[in-house]
Amino acid sequence: MIEPREYARRRKQLMRMAGPDAIVIVPAAPERVRNNDAHYPYRQDSDFHYLSGFPEADAVLALVPGRAPSETILFCRERDAERERWDGPRAGTEGAVAVYGMDDAFPIDDIDDILPGLIEGRTRVYYHFGRDAEFDLKLIGWVNRVRAQIRHGAKPPHEFVALPHLLHDLRLYKSRAELRLMRKSAQIAAEAHRRAMRATRAGLNEHEIEAELLHAFRKHGAVPSYEPIVGGGANGCVLHYRANNAELRDGDLLLVDAGAEYQCYASDITRTWPVNGRWSPEQRVLYELVLAAQLAAIDEVRAGRTFDAYHEAAVRTLTRGLCKLGLLAGSVEKNLREHTYRKFYMHKTGHWLGLDVHDAGDYRIDGEFRVLEPGMVVTVEPGLYIAPDLKGVPAKFRGIGIRIEDDVVVTDGEPEVISGDAPKDADEIEAIMAARA
């Protein structure tokens with residue numbers, strides 16, 4: 001759990017960066033209708049959560065640096081006994097202050113009357129345009145109301161600034177409390193992968209393995225951090241496979257890409273294992289190659305190395321192995337220059353991880369890859385995907401898709417693999433699956 005004082009510290013830091021003449025406006029995520037009058041499960045906007053910890057919809061956070069008596073103002077729903085009987089308890093304006101540490105709070109129904117007054121006199125508005133079109137129009141309307149009063153001495157803002165420019169750089173560095181939640185999320189996801197391995201048998205359907213993952217998530221109070229990928233056989237060669245409805249066949253591999261979200265923080269783990277519990281020679285040699293590439297990449301996730309260093313390490317290891325197996329012709333250097341490996345490995349080796357699976361933060365600064373620093377968290381996920389119809393490849397390798405993905409914290413020393421409880425050694429996986437009976 002993250003304490004209210006940490007959220008307050010984040011707000012103070014953002015206000016210092018924004019400057020005394022700015023206002024920061026962050027709306028909560030809207031509720032989304034799934035069909036008719038049924039809604040999707042509610043998930044708070046990550047930026048709003050990062051700054052407030054407030055879990056409800058119909059709320060807007062306004063940060064007004066230097067304003068007396070209150071800099072941090074939350075607009076939210078009032079307590080309503082009738083609605084709470086249907087939908088559950090609300091914090092209300094009193095709870096926003098007493099529980100969530102806001103300086104002040106007002107009913108969301110009063111925002112049209114109050115927020116323009118907070119905007120007036122501020123030269124810059126920090127906001128994330130394009131995320132919520134309906135709220136974009138509301139904000140423009142409030143600013144235009146201030147502009148309409150220029151003749152009466154009102155001072156409207158003259159600049160809109162993209163909020164991610166400041167906020168997402170803060171989110172890139174995880175605090176101790178955030179790392180505790182991410183370790184918990186990764187532990188839950190790792191248990192889910194072990195459970196899925198033990199459940200796998202030929203003749204089952206992919207969605208039955210997905211059900212094992214979901215059981216482990218919910219058992220520990222987590223939800224999926226993204227739609228799980230459960231791809232048997234050639235389905236594992238489809239990078240964003242989503243159907244999860246094919247029968248698992250004896251002799252195939254099963255690729256499972258599934259992460260948990262715990263208290264809004266994500267994990268992202270991929271493992272690949274044989275459906276019948278035993279690697280074929282072709283499967284094992286490719287699997288060991290991907291694992292070697294992943295270990296080489298993880299070793300590059302260190303403070304002072306650039307973000308692309310671990311991708312380059314994975315690519316070099318994979319290319320060397322593909323050349324040795326005869327799947328690529330010519331020298332390693334020639335294949336690296338010509339990117340011929342991309343017909344087997346067509347994605348990057350990782351991304352930022354945090355409140356979002358593909359978390360906030362720039363990968364480049366002034367055109368150059370960012371240097372890794374302690375507190376950053378990345379995924380490391382090399383793979384090989386040999387499509388079943390790929391020409392020029394021996395038939396014994398076709399239809400094999402393999403990815404191995406872990407979550408890694410950049411520290412002052414050795415990389416910290418927080419998802420290591422999910423087995424990935426080939427012999428260990430066979431042993432786990434041999435014990436299924």
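The values are calculated or read from the model by the stated rules, or taken from the named source; none is laboratory data. A quick note: this is a predicted structure, and the numbers were derived from the prediction, not measured. Here the Cβ is made from the backbone with ideal geometry for all residues, glycine too, and neighbour counts use every protein chain on show. All accessible areas refer to the heavy atoms of the entire protein, side chains included, with ligands and DNA or RNA removed. Shrake-Rupley method; radii C 1.70, N 1.55, O 1.52, S 1.80 Å.
Worth a mention:
- Residue within the stretch 343-350 that is assigned to a strand (DSSP E or B) and either open to solvent by less than 10 Å² (accessible area, probe 1.4 Å) or small (Gly, Ala, Ser) (or both) present: no
- Restricted to strands (runs of 3 or more DSSP E) entirely inside the stretch 382-437, no element has at least 1 residues that are under 13 Å from ARG194 (Cα atoms), modelled with pLDDT of 95 or more and not acidic (Asp, Glu).
- When we screen VAL410, VAL393 for residues that are out of contact with any Phe, Trp or Tyr (no Cβ under 7 Å at 6 or more places or on another chain) and under 15 Å from ASP299 (Cα atoms), the only hit is VAL410.
- Tallying residues that are open to solvent by 70 Å² or more (accessible area, probe 1.4 Å) and not acidic (Asp, Glu) within the stretch 81-128 yields 7.
- Here ARG131, ARG180, ARG151, ARG198 are screened, and the one residue that is farther than 23 Å from ALA28 by Cβ, open to solvent by 60 Å² or more (accessible area, probe 1.4 Å) and touching a residue at least 40 places away in the same chain (Cβ under 8 Å) is ARG198.
- Within the stretch 353-374, residues that are of a type in the set (Ser, Thr, Tyr) and in a strand (DSSP E or B) have Cβ atoms under 8 Å from residues that are at pLDDT below 95 and surrounded by fewer than 16 Cβ atoms within 10 Å (Cβ to Cβ) in no pair, counting only partners at least 6 apart in sequence or on another chain.
- In the stretch 8-46, the residues that are under 19 Å from ARG124 (Cβ atoms) and open to solvent by less than 30 Å² (accessible area, probe 1.4 Å): ARG11, LEU14, MET15, ALA18, GLY19, ALA22, ILE23, VAL24, ILE25, VAL26, PRO27
- Take the conditions (1) surrounded by fewer than 16 Cβ atoms within 10 Å (Cβ to Cβ); (2) on the phi > 0 side of the Ramachandran plot; GLY361 misses just one of them, which is (1).
- Residue in the stretch 216-230 that is under 23 Å from ALA431 (Cβ atoms) and either part of a loop (DSSP other than H, G, I, E, B) or small (Gly, Ala, Ser) (or both) present: yes
- Listed by position, the strands (runs of 3 or more DSSP E) contained in the stretch 1-79 that have at least 1 residues being within 21 Å of GLU94 (Cβ to Cβ) and among the small types (Gly, Ala, Ser) are 60-63.
- Set VAL256, VAL238: member being more than 20 Å from ALA422 (Cβ to Cβ) and of a type in the set (A, V, I, L, M): VAL238
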